[in-house]
Structure formats: C-alpha cells, structure tokens
1. Of these, 113, 123, 149, 138, which one is under 29 Å from residue 383 (Cα atoms), surrounded by 17 or more Cβ atoms within 10 Å (Cβ to Cβ) and hydrophobic (A, V, I, L, M, F, W, C)?
2. Tell me, yes or no, whether the range 382-394 has at least one residue that is in contact with a Lys or Arg (Cβ under 6 Å, 6 or more places away or on another chain) and either surrounded by 13 or more Cβ atoms within 10 Å (Cβ to Cβ) or modelled with pLDDT of 95 or more (or both).
3. I'm trying to understand the selection: among the residues of the range 421-435, which are of a type in the set (Ser, Thr, Tyr) and either under 18 Å from the mean Cα position of the chain (by Cα) or part of a strand (DSSP E or B) (or both)?
4. With respect to the numbered conditions (1) within 16 Å of the ligand (Cβ to nearest atom); (2) farther than 27 Å from residue 103 by Cβ, which one is the sole condition not fulfilled by residue 470?
5. Mind checking which residues of the range 186-207 are farther than 19 Å from residue 160 by Cβ and crowded, with 20+ Cβ neighbours inside 10 Å?
6. If residue 370 meets every condition in (1) more than 15 Å from residue 97 (Cβ to Cβ); (2) polar (S, T, N, Q); (3) in contact (Cβ under 8 Å) with a residue 24 or more places away in the chain apart from one, which number is that one?
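The values are calculated or read from the model by the stated rules, or taken from the named source; none is laboratory data. Note that this is a predicted model, so its numbers are computed, not measured. Ideal geometry is used to build each Cβ from the backbone, glycine not excepted, and the neighbour counts take in all protein chains shown.
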Amino acid sequence: TAEDMSAGMVGFWPEPWLPRSLGSPGLALAAALLLLLLCLSARRTRRRGEPPLIKGWLPYFGQALKLQKDPLGFMISLQKQYGDIFTLLLGGKYITFILDPFHYTSVAKNQKLSFQIFTNKFLKRVFSIKKMITDSDLIDEIHSTYQFLQGKHLDILMESTMQNLKQVFEPQLLKTTSWSTEYLLPFCNSVIFEMTFTTIYGNVLAYDKKTFIAELKDDFLKFDEKVTHLVSGIPIELLGNIKSVRTKLIKDLTIESLAKLQGLSEVVQRRNDILEKYYTPKDTEIGAHHLGLLWASVTNTVPTMFWAMYYLLRHPEAMAVLRDEIDHLLQSTGQKKGPGFSIYLTREQLDSLVYLESTILEVLRLCSFSGIFRFVQEDVTLHLESQDCCLRKGDFVVIFPPILHHDPEIFEAPDEFRFDRFTENGKKKTTFFKRGKKLKYYHLPFGLGVSKCPGRFLAMVEIKQLLIVLLTYFDLEIIDNKPLELNYSRFLFGIPYPDSDVLFRYKIKP
Ligand code: HEM
C-alpha cells in the first residue's frame with residue numbers, strides 16, 4: 001500500500017549512528033543485508049518519458065553523503081548535468097527533484113501526489129501519533145484550527161507575544177548598564193522557546209515559572225536534536241533516554257497539565273476541544289499532538305532568529321538601517337523610549353517596516369533548505385511546458401526551492417547577504433524574473449500548497465517583534481566575528497542550525 005511504501009520514505013539519510021555501529025557484529029550483519037537489499041532495489045532502469053535516473057555507485061551512502069556535505073553544490077552539479085528534473089536514488093528511495101520554479105504549480109496542484117501520506121509517517125515516527133493515519137476527519141478538524149494562527153486571531157497572538165517579550169526582557173532593563181556576554185544559539189533558544197511557549201500555551205502561574213520553562217526547553221532541545229534520527233526510522237529505544245524525554249514532554253502537555261496554565265491561545269483551546277472528541281481524556285496521544293504543535297512552532301523559528309541575529313551582528317550597516325526604520329516608526333507613533341518596556345505596535349505598523357521584513361526574508365532565502373514533499377500514489381504524467389514527465393507510483397517528488405533561492409539569474413550574487421534585497425523604492429519588492437518571465441514563486445521557505453506552513457505569519461511577527469525589542473533597547477556587538485557554516489544534518493527538513501556558535505554581547509542603551 002501507499003502507507004507501506006512510505007514507511008521507508010523519510011529514512012533516506014545515512015544517519016551518523018550507522019557507520020559507527022558497524023563495530024557490533026549483529027548490526028554489521030544487518031547493515032550488510034540492508035546494503036544488499038538496497039543494491040537489489042537499485043536495479044531499476046529508466047522508462048520512456050521518465051526523468052533521468054541517477055543511482056550512483058553505492059546506492060545508500062553514495063548520493064546521500066555527497067548531498068549532506070554540500071547539498072547546494074551537489075544539486076547544482078546534477079542540474080548542470082541532467083537538467084531541471086531528475087530522479088535520485090537516496091537510501092533505497094527514488095526521489096524526483098523538481099528544480100524549475102515554473103514547474104512547481106504542476107506538482108503542487110496534482111491530486112495524485114499526496115502530502116498527507118508523508119506527514120502521517122512523520123507524525124507516527126516522531127511523535128507516536130497513530131490516529132491521523134486512519135482518521136481523515138481528525139486530520140481535517142486539526143487543519144481547521146490553523147485559521148486561529150491567522151487574520152484577526154493573529155492580532156491577539158501578536159499582542160500576547162509582545163507581553164511575553166516584556167516579561168522576558170523587563171528584568172534585564174532594570175539592571176545596570178554593563179555588557180552581558182552570551183553565546184548566540186542558547187540565547188535564541190531561550191528567548192524563542194519562552195516567547196513561543198507562553199504565546200501559544202499560556203503562562204505558568206507557579207512561583208517556579210522560570211524553572212518550569214527552562215526544564216521544558218532543555219527536554220525539548222534534547223528531543224529536537226534527535227528528530228532526524230526518528231524520521232529516519234531508527235527505533236526510539238536506540239536513542240539513549242529520548243523515549244523518556246518524549247514521554248515527559250507529552251505528560252507536560254496533557255489537557256490536565258495545560259489546565260494549570262493561564263491564557264491558552266485560541267488555537268490550543270480549539271485543538272483541545274477537537275482532541276477530546278477523538279480521544280479519551282487520559283489518552284497520551286493528546287499530549288503528543290501538542291508536542292507536535294510545539295515542535296513545529298519552535299524548531300524553525302530558533303535557527304531563523306539565530307541567522308537573523310548573526311547576519312545583523314556581522315553587518316552593522318544593515319543593523320543601523322533597521323534601527324533607524326524602527327526609531328522612526330516609534331517616534332511617529334508617539335512612543336518615545338522611556339524607562340522600562342513600553343512598545344505597542346499594530347499589525348499595520350509592523351508590516352510597514354520594509355527593511356526589517358526584507359532582512360528576515362533574506363535570511364530565510366539564504367538559510368532555508370526545506371524540500372516540499374509529495375508521495376506518488378499512482379503512475380502519473382506531469383504536463384510541463386517544455387516536456388511531459390512520467391512519475392512512477394511509490395516514488396516521491398520533491399520541489400527543492402534552495403536552487404531557486406540561490407539562482408544568480410533571479411538573485412544577483414546569491415551567496416551574499418543583502419538585507420534590502422526584498423525592497424524596491426522604499427517598498428516591499430515582489431517582482432522577480434527568470435528567463436524574462438515574472439515568477440509566481442520566488443521565495444518558498446514556508447512550503448507550498450497544502451503543505452504551506454500555517455504558522456508563517458506568527459513566525460514573522462515573533463521574529464520581527466523580538467528584533468524590534470533588541471534593536472530598540474540594546475546595544476549589540478559580535479565578539480568572535482568568524483564565519484559560520486550551516487550544519488546540514490536536517491537537510492530537506494527546515495532551517496539548518498549553525499555548525500558552531502559565536503559569542504556576542506549586549507547592554508542596555510544609555
Ligand atoms: C521561521 C519559522 C518557520 C518556518 C521556516 C516554517 C516552515 C514550515 C514548513 C516548510 C512547513 C511544511 C512542512 C512540510 O512540507 O513537511 C511547516 C509546517 C507547519 N508549521 Fe511551520 N515554520 C515556521 C514557524 C512556524 C510557527 C511559529 C508555527 C506555529 C504554530 C508553525 C506551525 C506549523 C505547523 C502546524 C505545520 C504543519 C502543517 C500541517 O499540518 O500540514 N510553523 N512549517
């Protein structure tokens with residue numbers, strides 16, 4: 001069945017544990033058998049009408065290792081050799097990559113290509129959510145809650161984000177004006193986690209609020225670190241204490257535990273109403289659903305904030321323009337900076353900060369390595385403007401926007417950080433061209449079609465507000481100004497983390 005086919009789908013990465021574990025005879029044998037199986041599966045030949053087929057000399061490790069080392073470089077070299085569509089054998093799975101942005105719509109709109117089959121597997125492996133696979137009503141109802149992340153509901157979330165930022169930073173603002181030095185990644189982890197958790201799940205009333213949030217964050221990070229291993233199908237029992245960490249997180253997010261928090265967002269309240277219809281109150285899968293939402297809301301927002309800060313700290317000229325833009329808005333809305341924390345901005349005012357928005361879009365352009373996955377449910381022919389392309393049942397198709405994001409024909413000097421790239425005459429720039437034609441899609445870090453991120457507006461609002469607070473109240477400086485590389489272990493699954501960290505310092509502006 002499609003479900004069985006997708007079972008190994010997400011597991012095409014040579015996980016770091018695999019080579020190391022070859023020391024154990026049992027696992028070595030298992031690995032040898034796996035390799036044999038994969039070699040046998042690599043006997044497929046290209047059929048008429050199908051895209052070029054690239055199997056590599058060693059089906060499991062060959063392509064995947066090259067991809068993980070330098071994904072963009074490797075994909076560009078394949079593009080030069082084979083064109084904009086090709087099928088790659090990765091870890092025993094045949095994956096057709098779609099690189100031409102003018103072909104995206106044909107994939108996104110094709111009913112025979114399923115996103116849900118991919119998601120179901122993911123939810124089962126990572127969060128141990130099983131009901132979604134069998135219950136399409138539950139899927140639909142959960143999806144209906146995403147409206148509470150948008151429109152007028154977003155205004156409420158935005159207000160609560162600012163309140164929560166106030167709680168995070170007010171104690172700092174009352175402190176002396178000396179420099180505090182920190183590593184950037186833990187700083188972003190703490191602030192984004194606290195801000196997001198309290199915005200979506202509410203405030204902890206207990207006196208030990210800080211400890212509760214800090215422990216939850218530490219468990220969350222331990223779990224998040226192992227998500228790609230879980231996606232790859234490695235049994236959770238082989239991942240140290242991750243099973244107990246996940247169980248604890250799920251316990252912290254049951255309806256009973258959430259009842260102790262004050263100010264649950266509408267999206268969580270509605271989610272609870274729905275989950276209570278489908279599960280008995282004590283069912284642990286309820287907490288697993290919440291862990292899924294918490295994970296989705298934090299896992300990409302942290303590295304995006306990290307890279308935004310990193311680029312701004314390394315580009316003081318960009319930081320100065322943003323400071324000016326924000327100061328100007330605060331002044332024109334009568335919000336002179338006084339002692340303590342007192343910023344209030346409407347959505348409209350936030351949206352008027354075009355350089356701030358452009359900076360975040362530019363960071364996402366440079367750093368997003370998400371693929372947009374679909375499962376081929378039955379043999380299908382895509383009718384593309386230049387050619388027809390046959391896809392085989394049981395394969396996967398991936399739209400791969402990083403190639404678009406780094407295309408020099410669309411974005412001049414694509415490897416450079418240009419904070420104002422998405423502005424034009426002081427306004428947001430939305431027209432980009434390829435082959436002389438205007439592009440419908442030129443920036444896709446949040447996915448496309450049915451799999452488009454429902455939290456994208458909240459993510460932008462959170463990052464903007466946090467940057468506004470930091471730039472308004474603090475002087476910020478990088479200490480070890482060294483170039484960082486992206487760590488591609490999550491390649492195809494979101495925004496990569498850095499391969500190491502940098503120190504920075506901040507102090508309250510005089
Ligand atoms: C910069 C930050 C973010 C980025 C880059 C991002 C990106 C994405 C992408 C690419 C997907 C599609 C996944 C796929 O195709 O498999 C996705 C899904 C999702 N995102 Fe985000 N996201 C971000 C922040 C958020 C936030 C703040 C929330 C808040 C609730 C959120 C909630 C979700 C949810 C619930 C889904 C799953 C939707 C479904 O059921 O199909 N995301 N995100």
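1. Numbers: 123 fails: under 29 Å from residue 383 (Cα atoms); 149 fails: under 29 Å from residue 383 (Cα atoms); 138 fails: under 29 Å from residue 383 (Cα atoms).
That would be 113, the only listed residue that is under 29 Å from residue 383 (Cα atoms), surrounded by 17 or more Cβ atoms within 10 Å (Cβ to Cβ) and hydrophobic (A, V, I, L, M, F, W, C).
2. Step one: of the range 382-394, the residues in contact with a Lys or Arg (Cβ under 6 Å, 6 or more places away or on another chain) are none.
No; the residues of the range 382-394 include none that is in contact with a Lys or Arg (Cβ under 6 Å, 6 or more places away or on another chain) and either surrounded by 13 or more Cβ atoms within 10 Å (Cβ to Cβ) or modelled with pLDDT of 95 or more (or both).
3. Of the residues in the range 421-435, the ones of a type in the set (Ser, Thr, Tyr) are 423, 430-431.
If the condition is that a residue be of a type in the set (Ser, Thr, Tyr) and either under 18 Å from the mean Cα position of the chain (by Cα) or part of a strand (DSSP E or B) (or both), then 423 is the only one that fits.
4. (1)
5. Selection gives 188, 189.
6. (1)
Conditions (1) under 26 Å from residue 434 (Cα atoms); (2) part of a helix (DSSP H, G or I), marked per residue:
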residue: 47; (1), (2): no, no
residue: 72; (1), (2): yes, yes
residue: 77; (1), (2): yes, yes
residue: 86; (1), (2): yes, no
residue: 96; (1), (2): yes, no
residue: 119; (1), (2): no, yes
residue: 133; (1), (2): no, yes
residue: 140; (1), (2): no, yes
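A quick yes/no check of all residues on (1) among the acidic types (Asp, Glu); (2) closer than 24 Å to residue 172 by Cβ:
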site: 285; (1), (2): yes, no
site: 289; (1), (2): no, no
site: 298; (1), (2): no, yes
site: 322; (1), (2): no, yes
site: 354; (1), (2): no, no
site: 358; (1), (2): no, no
